[in-house]
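Chemist: Below are the structure tokens for one structure; questions will follow.
The values are calculated or read from the model by the stated rules, or taken from the named source; none is laboratory data. Here the structure is a predicted model, which means the values were calculated and not measured. Using ideal geometry, Cβ is built from the backbone for each residue, glycine included, and neighbour counts are taken over all protein chains shown.
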Amino acid sequence: MSKMLEQLFSLYGKVALITGGGRGIGQETALMLSQAGAKVAVLDRDESAAKDAVDAIVSAGGEAVVLVADVSKPEQIKQAFATALDRFGRLDILVNNAALVRRIPALETSIDVWREVMDVNLNAAFFCSCAAAEPMTAAGGGAIVNIASIMGISGGGIYPIASYHASKGGLVNLTRGLAVEWASRGIRVNAVAPTWVRTEFTKALLDDPEMSKTLLDLMPLRKFADTIDVAAAVLYLASPAAKVVTGHVLAVDGGYLAR
Ligand SMILES: NC(=O)c1ccc[n+]([C@@H]2O[C@H](COP(=O)([O-])OP(=O)(O)OC[C@H]3O[C@@H](n4cnc5c(N)ncnc54)[C@H](O)[C@@H]3O)[C@@H](O)[C@H]2O)c1
């Protein structure tokens, strides 16, 4: 690879924090950002998953730390960011990735479930972004990448997930709002909107052959995304290659949104 290409995608000297980095898309992203040269803080409420993710990074020659926290608890976010800053001394990249989905009809969605989904998928992204803003400003700027979803841009219609649509739709426009507000700080804020990816999140859906075919038929490319496809989009948005890209939502969706 040419020196110019290396420089475009290099994260050497940078520090990245990934929420929900213990497994799935978050784990793949943590590993990829590490391989691009970043030191990585893997935040997850599942301690053993976060430890496994960190072990994989360290075995591959990277530097990483485990942060155990539940992002629906603002005080735990504060503590985790303080630990990351203590360890690495700076923060350049934040990936808001932790999320959950409750596939429940709107009229059967309890207040508690609605609030739980908003707390983890939307409110946590806001609180983590605010916790990142000062250290990023001190570092001369930074990059926030929010993991949204095609369900934050479309109404789905395959199974009922109103709370997920609302939380991811909110995340899409939070991306634009913070991009504009924090541009003067040198902080770029972008999102990735993936289609279905095989992880614990979607196992039950994708293991069902009929459902799997229904979903594939919604994508012109007739392919699910792999975790590495989403991680690569995050790497691009976090890297110097995207230095004038902000407020953008990058679909990694097999053409789902192009129809
Ligand atoms: N898998 C898909 O098909 C798909 C499609 C579109 C978007 N996404 C989005 O991608 C992101 C990652 O999804 P995934 O498929 O890797 O999910 P996953 O369920 O495999 O992994 C999620 C990780 O987040 C952690 N987590 C969940 N709640 C948390 C909390 N409150 N505090 C701290 N950590 C928490 C979990 O412990 C887990 O390690 C999510 O934002 C999801 O909405 C996924």
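Chemist: If you go through region 25-54 one residue at a time, how many are closer than 25 Å to Thr202 by Cα and part of a helix (DSSP H, G or I)?
Modeler: Number of matching residues: 17.
Chemist: Go over the candidates Ala53, Ala38 one by one and state the one that is within 22 Å of Ala82 (Cβ to Cβ), within 16 Å of the ligand (Cβ to nearest atom) and either modelled with pLDDT of 95 or more or out of contact with any helix residue (DSSP H, G or I) (no Cβ under 7 Å at 6 or more places or on another chain) (or both).
Modeler: Checking each option against the conditions leaves just Ala53.
Chemist: Another question, if that's okay. Take the residues in region 41-50 that are more than 18 Å from Leu91 (Cα to Cα) and more than 6 Å from the ligand (Cβ to nearest atom), then tell me which one is surrounded by the fewest Cβ atoms within 10 Å (Cβ to Cβ).
Modeler: Taking region 41-50 as the starting set, the residues that turn out to be more than 18 Å from Leu91 (Cα to Cα) are 45-50.
Checking the rest, the ones that are also more than 6 Å from the ligand (Cβ to nearest atom) come to 47-48, 50.
On the way: Glu47: 13, Ser48: 11, Ala50: 28.
Per the criteria, the residue is Ser48.
Chemist: Right, another one. Can you tell me which residue within region 58-79, out of those that are touching a residue at least 40 places away in the same chain (Cβ under 8 Å) and over 30 Å from Leu205 (Cβ atoms), is farthest from the ligand (Cβ to nearest atom)? Spell out how you get there, then give the answer.
Modeler: Taking region 58-79 and keeping what is touching a residue at least 40 places away in the same chain (Cβ under 8 Å), we get 67, 71-72, 74, 77-78.
Within this subset, residues satisfying the condition of being over 30 Å from Leu205 (Cβ atoms) are 74, 78.
Details: Pro74: 12, Lys78: 14 Å.
Among them, the one singled out is Lys78.
Chemist: May I ask you to list pairs of residues, at least six apart or on different chains, whose Cβ atoms are under 9 Å apart, with the first in region 9-32 being among the polar types (S, T, N, Q) and the second being away from the ligand (no atom under 16 Å from the Cβ)?
Modeler: Ser10/Ala36; Ser10/Gly37; Ser10/Ser239; Ser10/Pro240
Chemist: A further question on this structure: Hey, can you tell me all the residues within region 92-111 that are closer than 28 Å to Ser129 by Cα and among the aliphatic types (A, V, I, L, M)?
Modeler: Ile93, Leu94, Val95, Ala98, Ala99, Leu100, Val101, Ile111
Chemist: Identify, please: which residue in region 1-24 is crowded, with 16+ Cβ neighbours inside 10 Å and in a helix (DSSP H, G or I) and is, among those, farthest from the chain's Cα centre (by Cα)?
Modeler: Phe9
Chemist: Tally time: how many residues in region 101-131 are away from the ligand (no atom under 14 Å from the Cβ) and among the charged types (D, E, K, R)?
Modeler: Number of matching residues: 2.
Chemist: Moving to a separate point now. Just to verify a result, which residue in region 136-156, among those that are among the β-branched types (Val, Ile, Thr) and farther than 19 Å from Thr227 by Cα, is farthest from the ligand (Cβ to nearest atom)?
Modeler: Once the filter is applied, the top-ranked residue is Thr137.
Chemist: Could you grab me the full set of residues in region 153-163 that are out of contact with any Lys or Arg (no Cβ under 7 Å at 6 or more places or on another chain) and not in a loop (DSSP other than H, G, I, E, B)? Write out each step before concluding.
Modeler: As a first pass, look at region 153-163 and keep what is out of contact with any Lys or Arg (no Cβ under 7 Å at 6 or more places or on another chain): 153-158, 162.
Hit for region 153-163 is Ala162, nothing else.
Chemist: Turning to a different aspect of this structure: Which residues, counting only those in region 164-204, are assigned to a helix (DSSP H, G or I), near the ligand (Cβ under 10 Å from one of its atoms) and without any contact (Cβ under 8 Å) to a residue 24 or more places away in the chain? Steps first, answer last, please.
Modeler: To start, the set of residues in region 164-204 that are assigned to a helix (DSSP H, G or I) comprises 164-185, 203-204.
Okay, now just the ones that are also near the ligand (Cβ under 10 Å from one of its atoms), so 164, 167-168, 171, 203.
Selection gives Lys203 alone.
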